[in-house]
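Below: one structure, written as structure tokens.
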Amino acid sequence: AGMSLQSAARAAGHPMAHSTVRRMLQRKCYLGDAFYPAILDKETYARANAEWQHRADVMQRLGKTRRKPVCPQTKFLLELPQQIPELDGNTPFQQAEYLYHLIQNKE
């Protein structure tokens, strides 16, 4: 059996999380360009990505679509407050809670 990505990084003197190592092995920018030096060689990049492709084929993970990213609301209306939360007796949290409930989506 092979060594985990995290164990391999630690053995190479670079302790980092599995996800960090995987992301580095999958991004072409780490092969270097005219400005940045290569920190990953082409053979390692090709072998790692071929292995992930093979595993995805075996596990039938190809062709699955990811969920569409949620688009946050960017247009809002703010009702004029019927009452202004007083400083005395109301915590800043209570004041903010009252004002935030006045915000409505415009769309």
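Here are some notes:
- For Thr74, Thr44, order by how many other beta-carbon atoms lie within 10 Å, fewest first: Thr74, Thr44
- Simple label model, 7 Å out from Cα along Cβ direction - Ala8 to Phe35, nm: 2.9
- Translational D in µm²/s for segment 5-58 (Stokes-Einstein at 10 °C, 1.306 mPa s, Kirkwood Rh from C-alpha pairs): 133
- Residue exposure sequence - Val21, Val58 - by fewest surrounding Cβ within 10 Å: Val58, Val21
- Karplus-derived 3J(HN,Hα) values for segment 22-38, using 6.51 cos²θ - 1.76 cosθ + 1.60 with θ = phi - 60°, are 4, 4, 5, 6, 9, 9, 5, 4, 7, 7, x, 8, 5, 9, 9, x, 6 Hz; glycine and proline are entered as x.
- Computed over neighbours whose Cβ is under 13 Å from that of Met16, the net charge equals +3, Lys and Arg +1, Asp and Glu -1.
- In order along segment 95-101, the phi-based Karplus estimate (6.51 cos²θ - 1.76 cosθ + 1.60, θ = phi - 60°) of 3J(HN,Hα) comes to 4, 5, 4, 5, 5, 5, 6 Hz; Gly and Pro are listed as x.
None of the figures in this text is laboratory data; all of them are computed from the coordinates on show. Bear in mind the structure is a predicted one, so any value in this text is a computation, not a measurement. All Cβ positions, even for glycine, are placed from backbone atoms using ideal geometry, and neighbour counts span all protein chains on display.
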